[in-house]
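Reading through the C-alpha cells given below for one structure.
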Amino acid sequence: MVFAGSGFHLFFDELSKSAAVVQFTGDKITAMETDSNGRIIRITEPVRLAMEGHALRSRPAECCGLLSGRGHVVTSLHPLRNEADTPETRYFASPEDLFAAMRRIREADQTLIGIYHSHPRAPAYPSASDVGMAFYPEAVYFIISLEPRIELRAFRIEGPNIEDVSVVICP
Ligand SMILES: [Zn+2]
C-alpha cells in the first residue's frame, strides 16, 4: 500500500507488517543534518530525557519515534505508537502517528533528522530486524537501551553496513 503525502510517501507492507518506510521525494529531507562527515549528531538534553522517559514508560515494549530539528541539532521528539505484533522485540510505527508527526515537523519548519527506538532488554546496537528494516540510509537511527544500563547510541545503517555516529548532548 502506498500513501501519497505532500513530499513523502509511506510504504506499508501489509503482508508481513514488518516494514514501514518513510521515503521522501525531493523536499528538505536531504538535510538529515549531521556534521560534514556525518559522524556526529547533536541532541538537546531535554530531548534525551524525553526519549529515556518514553523508553521507560513503554517497557516491556519497545518505543519508537522521530527526531527533528534545525541545522545540526535535534531539538524535538515525536513519540509514535509501536504497532508491532511482538512489540517486546520489534517496532512498527503507527502510520497514522507517522503522518501526524511529519506534518508537525513541516509546520514547525524543521527537518526530520533521526528515528529512535528502544531496546528494553538488549544492548544499544541494531538487531538483525533493525538492519533489515533500515530502508533510509540518510537517517540517523538512535537506539536507547535500558538493560544492562541506560545507554543511547546512534548509527547510520546502509544495507548490511552499520556505522557508529557519536551522540553529543547539548543544553
Ligand atoms: Zn531494535
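The values are calculated or read from the model by the stated rules, or taken from the named source; none is laboratory data. Since the structure is predicted, the reported quantities are computational estimates derived from the model, not experimental observations. Cβ coordinates were reconstructed from backbone atoms using ideal geometry, including for glycine residues, and neighbour counts include every protein chain displayed.
General remarks:
- Within the range 62-85, being outside any strand (DSSP E or B) and more than 12 Å from the ligand (Cβ to nearest atom) holds for Gly71, His72, Arg81, Glu83, Asp85.
- Filter pass, Gly114 being of a type in the set (Gly, Ala, Ser), in contact (Cβ under 8 Å) with a residue 12 or more places away in the chain, touching a helix residue (DSSP H, G or I) at 6+ places or on another chain (Cβ under 9 Å) and buried (at least 16 other Cβ atoms within 10 Å of the Cβ): no
- Among the residues of the range 112-133, those identified as out of contact with any Asp or Glu (no Cβ under 6 Å at 6 or more places or on another chain), assigned to a loop (DSSP other than H, G, I, E, B) and more than 17 Å from Leu80 (Cα to Cα) are Ala122, Pro123, Tyr125, Pro126, Ser127.
- Selection status of Arg90, within 16 Å of the ligand (Cβ to nearest atom) and under 15 Å from the mean Cα position of the chain (by Cα): yes
- Of all the criteria given as (1) modelled with pLDDT under 95; (2) within 16 Å of the ligand (Cβ to nearest atom); (3) in contact with a Lys or Arg (Cβ under 8 Å, 6 or more places away or on another chain), the one not satisfied by Thr111 is (2).
- Test result for Tyr125, modelled with pLDDT of 95 or more, touching a strand residue (DSSP E or B) at 6+ places or on another chain (Cβ under 9 Å), surrounded by fewer than 22 Cβ atoms within 10 Å (Cβ to Cβ) and of a type in the set (Phe, Trp, Tyr): yes
- Matching residues in the range 133-143 - criterion: being more than 10 Å from the ligand (Cβ to nearest atom) and either touching a residue at least 60 places away in the same chain (Cβ under 8 Å) or touching a Gly at 6+ places or on another chain (Cβ under 6 Å) (or both): Phe135, Tyr136, Glu138, Ala139, Val140, Phe142
- In the range 36-61, residue nearest to Cys170 (Cα to Cα) [restricted to those that are in a helix (DSSP H, G or I) and among the basic types (Lys, Arg)]: Arg48
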